Amino acid sequence: MTSTVQETCPRWCERDHATDDPPESRFHEQVLADFPAVVGHRPDLADPPVGLAEDVVVRRVRYFHAPQTWLVIEEAEDAARHLVLSLDAAAPLMSALQLVTRDGG
């Protein structure tokens, strides 16, 4: 947990903060997972471009002085596309992933 001029970090925050961080960089963050995945469009499911897998990162994020913590799933390098979920929305996603992995597809 890091204490900054702006606020005290939650215990899960792994991000280094500086007093001169610009406003867009004032957030708490924890990397939860990093794995290769195909990021594409639904038609790609018929013939997925497996060789084109990108690194995907799952992060917990909360901006300074904001009440909401988010689960963010995004490409590691070019974070132009994001899936942003509230913690309430993450619960049914977790259930769906558990069901698919338990059933083997």
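The values are calculated or read from the model by the stated rules, or taken from the named source; none is laboratory data. Keep in mind the model is a prediction, meaning the values are calculated, not measured. When we count neighbours, we look across all protein chains shown, and the Cβ atoms used for this are built from the backbone with ideal geometry, even at glycine.
Since residue 67 meets every condition but one in (1) closer than 27 Å to residue 9 by Cβ; (2) surrounded by 11 or more Cβ atoms within 10 Å (Cβ to Cβ), which condition does it not meet?
(2) is the only condition that residue 67 fails.
Give 58, 84, 39, 100 a once-over and let me know the one that is touching a strand residue (DSSP E or B) at 6+ places or on another chain (Cβ under 8 Å), of a type in the set (A, V, I, L, M, F, W, C) and more than 24 Å from residue 13 (Cβ to Cβ).
39
If we scan region 45-62, do we find a residue that is at pLDDT 90 or above, loosely packed, with under 12 Cβ neighbours inside 10 Å and not in a helix (DSSP H, G or I)?
no
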